[in-house]
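Worksheet for the structure shown next.
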Amino acid sequence: MTARRIDGKAAAAAVRATVARIAADFRQRTGRAPGLATVLVGEDPASAVYVRSKVKATAEAGMEGFSHSLPDTTSEAELLELVERLNADDRVDGILVQLPLPRHIDSDRVIAAIDPAKDVDGFHPINAGRLATGLDGLVPCTPFGCLHLLKAELGDLSGKQAVVIGRSNIVGKPMAMLLLGESATVTIAHSRTEDLAEVVRHADIVVAAVGRPEMVKGDWLKPGAVVIDVGINRVPTADGKSRLVGDVAYDEAAEVAAAITPVPGGVGPMTIAMLLRNTVVAAHRRAGMADPEGL
Ligand code: GUN
């Protein structure tokens with residue numbers, strides 16, 4: 001058996017097209033486009049690539065982008081001052097501070113300074129708490145994108161056994177909360193989990209977000225499982241170059257799973273689509289309008 005390859009690029013394009021339609025409608029009704037501010041501190045090349053894609057996608061969706069690139073010598077006080085300015089700027093509906101931040105800056109403090117209504121990353125403790133208690137808030141983009149792909153694949157997730165590998169605040173924990181919200185039976189596994197293979201073997205749904213190249217093997221999987229691979233790991237190749245691999249050994253997993261996301265082209269594009277989605281939703285709520293339909 002060969003698993004269905006879940007096309008995250010196509011799913012993301014569909015979400016982005018809907019967002020663009022809603023953004024145009026918002027602009028017509030309010031006289032301004034939804035606005036997203038991005039903040040990049042320092043020179044981390046991967047972060048620079050991610051932020052550039054987010055800025056480009058913002059423009060393509062017909063939204064206003066406010067791009068801030070700061071040197072890695074920026075102090076925490078200066079960054080907090082910028083966040084305050086963006087909080088107060090009515091043209092800005094969403095604020096994204098790209099992580100990781102330089103070591104001398106406390107990212108928890110920066111995240112907590114963002115207006116929760118503009119926290120399109122969904123990282124603020126208020127939004128994490130809303131997600132955990134089942135209240136409407138803003139949901140972290142990567143797990144939200146994973147959920148979108150899972151629902152498209154499986155429909156109702158109620159009663160399914162789901163194993164999330166990874167317990168980060170960015171992916172693992174919010175992913176578990178989203179799956180629980182869909183009435184799945186959720187296990188959160190992580191680097192200390194004993195006999196991870198045995199835990200994974202019971203899962204109808206596997207979400208791998210550990211950051212270890214090809215750690216999840218094909219023979220760990222229950223036949224027919226749906227596998228979402230959040231990993232983006234750069235590994236060296238024999239010819240001295242490098243390639244991107246996920247947290248799942250794709251080829252062998254595809255022999256056992258019913259469906260699996262590739263790396264690249266799976267979860268990655270969905271993260272950006274959900275960021276745009278969160279931005280138009282934040283714009284509507286801030287304008288006192290009902291949440292847009294179709295997202
Ligand atoms: N770094 C890795 N993933 C993310 C993300 O989703 N948002 C932000 N702001 N930084 C990240």
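The values are calculated or read from the model by the stated rules, or taken from the named source; none is laboratory data. What you are looking at is a predicted structure, and each value in this text was computed from that prediction instead of being measured. Cβ sites come from the backbone with ideal geometry, for glycine too, and all protein chains shown count toward neighbours.
Being surrounded by 15 or more Cβ atoms within 10 Å (Cβ to Cβ) and within 16 Å of the ligand (Cβ to nearest atom) is a description that does not apply to Val226.
Can you find a residue that is surrounded by 21 or more Cβ atoms within 10 Å (Cβ to Cβ), under 20 Å from the mean Cα position of the chain (by Cα), of a type outside the set (A, V, I, L, M) and at negative phi anywhere in segment 190-205? The answer is no; no qualifying residue exists.
Restricting Thr30, Thr38 to residues that are among the hydroxyl-bearing types (Ser, Thr, Tyr) and either at pLDDT below 95 or over 23 Å from Ala112 (Cβ atoms) (or both) narrows the list to Thr30.
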